[in-house]
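Would you mind keeping the following structure in view while I ask a few things?
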Amino acid sequence: MAVKIALPKGRLLTKTADLLQTAGWQIDGYDSKTRSYRLASARFPELAIKIFQEKDIPIQVSIGNYDLGICGLDWVEELKAKYPSSALLKVRSLGYGEGALYIAASRFAGPATVDQVKTKAGAVRIATEYPNLAEAFALRNRLGRFSIFPVWGGAEAYPPENADLALVAGKEGTAPADDLAPITKVLSYSAVLVANRRSWESKDLGHLVTSICDSCAESVVRSDSPVAEAVAQKAAQIPAVGEEVVRLALPDGHQQTPTLEMLSRAGIQIDDYPSPKGNRRPTIHLDGVMVKVIRPQDMPLQVANGNFDLAITGRDWLREHLYQFPSSPVQERIDLKFGWVRIVAVVSQALSVDSTSDLRQFIAEKRTPLRVASEYVNIADKYARDNHLGYYRVIPTWGATEAFLPEDADLLIENTQTGQTIARHNLKIIDTLFESTACLISQTGVDMSSRKGRKMKSIIETLRRAVRA
């Protein structure tokens, strides 16, 4: 019986590759330059290996798509916080990829202890990539009222203006970010080997597990254990954000360079963006404007909630938000004409499907629910409904979606510029849903005659002229 293992991309890739090389697996191409999601082991030819984004691995192993996986304990505990009875087994720590999750507040304007958090008037707002662990922390500490803000990343940017606390990852024993001070440690973690419980009981995994365990440093899996920590003294205060200050969100990631070029064309000077040190509060040379750098995926919801007045995101993420919240008070102000991509429907080239109508016929013959994998959960859901694709389920992903076809999904809803990456992975496009570019968004119904509204209008018009130039 074939055995399947999920290996991580990103931060754990290099040391995982070193471990498996020491274990004698003889995997060709598992390195930072790999362009394939499917690999083979010369030592274990019966083994099917696939590369995933790290946070997808616990889910894939838990539902039984993979027998074994290597990922961070943080993502294992995030899954088990919501699904404690899942079929995910922690086999052992692998002795690398160490870090810690901290509940942290602004170093300059936040609570310093858990007791101070408990006595805060009103609801405690927590921003995090780990919503299940954040909720567990709030319940465990009996916070009377709290709200969790799930974000795609960059949670450290939110306190103190947009959240009271952030649950963020950092190095053990150090502050998770320059602007944050840790209040308590929620979890110490490292890379772990995980297994599916049913596979553990029914398949012969011993030779694989033994080869890994014999090659890694001695360690034990560490569980989450809240430990109160001393907080550095909070000195100067962050300037208060008054009602007349325009709060502008700029994107992180690969859209930073074209965003900076567009701002420069508009005559808007901004310092330390992109930041080599990861600063999420660059300085903008406009009076009465404050800037934060956050994920484009988070911007529509943050603008709708009133945490930002203006934001530069993608039309794809605006549409994703509006499909989930059709009455959301957020709108596009300007098409900024950069960051062009197509949102497409993708299947395996091995499939005799070249159109949506062919896909419907395939589903009718398949007689099992269609598996749709995507970062765009709501866009994927709407596409399946609008095209009458019968019974289906949407599999949320966090990137590297091409890896899911054909074994773990039947259809992808993905973005692409040239389609070359899709073709390289033996996939094909069968439909284009829409085209997306960067856009400037704001809330609907903003009073542009107010002092703050006039500042916003000035920024909007300045950017509009730059786009037309």
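The values are calculated or read from the model by the stated rules, or taken from the named source; none is laboratory data. These figures come from a predicted structure and were not determined experimentally. Neighbour counts run over all protein chains shown; Cβ positions are idealised from the backbone, glycine included.
Restricting to region 398-429, give me the number of residues that are over 20 Å from the mean Cα position of the chain (by Cα), closer than 26 Å to Gly153 by Cα and among the polar types (S, T, N, Q).
So the count comes out to 2.
Still on this structure, I have one more. Could you list, in sequence order, all residues of region 382-401 that are buried (at least 21 other Cβ atoms within 10 Å of the Cβ) and either aromatic (Phe, Trp, Tyr) or in contact (Cβ under 8 Å) with a residue 60 or more places away in the chain (or both)?
Hits for region 382-401 are Tyr383, Thr397.
Still on this model: Would you call Lys50 over 19 Å from the mean Cα position of the chain (by Cα), surrounded by 15 or more Cβ atoms within 10 Å (Cβ to Cβ) and modelled with pLDDT of 95 or more? First the steps, then the outcome.
Numbers: over 19 Å from the mean Cα position of the chain (by Cα): yes; surrounded by 15 or more Cβ atoms within 10 Å (Cβ to Cβ): yes; modelled with pLDDT of 95 or more: yes.
Judged against the criteria, Lys50 is a match.
Considering only strands (runs of 3 or more DSSP E) fully contained in region 395-460, which possess at least 3 residues that are outside the structural domain of Glu365 (by TED's automatic domain parsing) and at pLDDT below 95? Before you say what the answer is, go through the steps one by one.
On the way: elements: 411-416, 427-436, 438-443.
Qualifying strands (runs of 3 or more DSSP E): none found.
So, one more: Just to check your reading of the model, which residue among Gly64, Gly10, Gly29 is small (Gly, Ala, Ser), touching a Lys or Arg at 6+ places or on another chain (Cβ under 9 Å) and touching a residue at least 12 places away in the same chain (Cβ under 8 Å)?
Details: Gly10 fails: touching a Lys or Arg at 6+ places or on another chain (Cβ under 9 Å); Gly29 fails: touching a residue at least 12 places away in the same chain (Cβ under 8 Å).
Only one candidate passes the filter, namely Gly64.
Identify, from the list Ser352, Ser348, Ser357, Ser442, the residue that is small (Gly, Ala, Ser), under 22 Å from Asp56 (Cβ atoms) and out of contact with any Gly (no Cβ under 9 Å at 6 or more places or on another chain).
Details: Ser352 fails: under 22 Å from Asp56 (Cβ atoms); Ser357 fails: under 22 Å from Asp56 (Cβ atoms); Ser442 fails: under 22 Å from Asp56 (Cβ atoms).
After applying the criteria, what remains is Ser348.
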